[in-house]
Amino acid sequence: MSIDLGERLRFVRGRHKLSQRELAKRAGVTNSTISLIESGQMNPSVGALKRILDGIPMGLAEFFAIEPDRPRKAFYRADELTEIGKSPISYRQVGDNLFGRALQILKERYEPGSDTGRVPLVHDGEEGGIVISGRLEVIVDDERRILDPGDAYYFESRRPHRFRCVGAKPCEVISACTPPTF
């Protein structure tokens, strides 16, 4: 049995309505530590996990005993999508909770000139998307493409990648990734 600590911590933190910053402050760790754990880039020691859970407060036994509530909801209105991005990039997620799910679907909006950062993204899984409006520059490894409405991408997420809105209009993309990475 494999347990995704980051996914579980994100779920518990959200259930207690705590931001990463607030939990980090309560636990006496850096905000980046919480972020790295939740994104699966860091596995905390038992002692570090206990200290973080003390900030909720929650014990280790309760943390590992939690089973995800399987959402039965199948349909979402536009205003029910959960914003998980930060301006100037919006990521609106289908469903408020991905704990125990294998797929994440996003409606992305990039303002003109916005990008995912100079450091390429790298994580486990696969992702794909279709440009709905605007123009999106996608860099995967050393390959660069400008995608127009209707164009699409699909690649293994372990390949370094980056996204940037080009042109004067915002760019909208419908994307999916597995496993969920946000």
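The values are calculated or read from the model by the stated rules, or taken from the named source; none is laboratory data. Values in this document were obtained by computation on a predicted structure and should not be read as measured data. Heads up, the Cβs are rebuilt from the backbone with ideal geometry, glycines too, and the neighbour counts pull from every protein chain shown. Quick note on the areas: whole protein, heavy atoms, side chains included, nothing else; ligands and nucleic acids left out. Shrake-Rupley method; radii C 1.70, N 1.55, O 1.52, S 1.80 Å.
All of (1) more than 30 Å from VAL166 (Cβ to Cβ); (2) of a type in the set (Ser, Thr, Tyr); (3) open to solvent by less than 40 Å² (accessible area, probe 1.4 Å) hold for TYR91 with one exception: (1). Within region 42-67, residues that are within 14 Å of LYS25 (Cα to Cα) reach partners that are in a helix (DSSP H, G or I) with beta carbons closer than 6 Å, at six or more positions or on different chains, in the pairs ARG51/ALA27; ILE52/ALA27; LEU53/PHE63; GLY55/LEU23; GLY55/ARG26; GLY55/ALA27. A Cβ distance below 6 Å, combined with a sequence gap of six or more or placement on separate chains, defines the contacts here; from region 74-88, residues that are part of a loop (DSSP other than H, G, I, E, B) reach residues that are open to solvent by less than 70 Å² (accessible area, probe 1.4 Å) in the pairs TYR76/VAL94; LEU81/ARG92; ILE84/TYR91; ILE84/GLN93; GLY85/TYR91; PRO88/GLU111; PRO88/SER114. Within region 149-182, the set of residues being assigned to a loop (DSSP other than H, G, I, E, B), of a type in the set (D, E, K, R) and closer than 28 Å to PHE99 by Cβ comprises ARG158, ARG159. Just one of (1) surrounded by fewer than 19 Cβ atoms within 10 Å (Cβ to Cβ); (2) touching a Phe, Trp or Tyr at 6+ places or on another chain (Cβ under 8 Å) fails for PRO149. It is (2). Number of residues in region 8-60 that are closer than 15 Å to PRO180 by Cα, open to solvent by 30 Å² or more (accessible area, probe 1.4 Å) and of a type outside the set (S, T, N, Q) equals 3.
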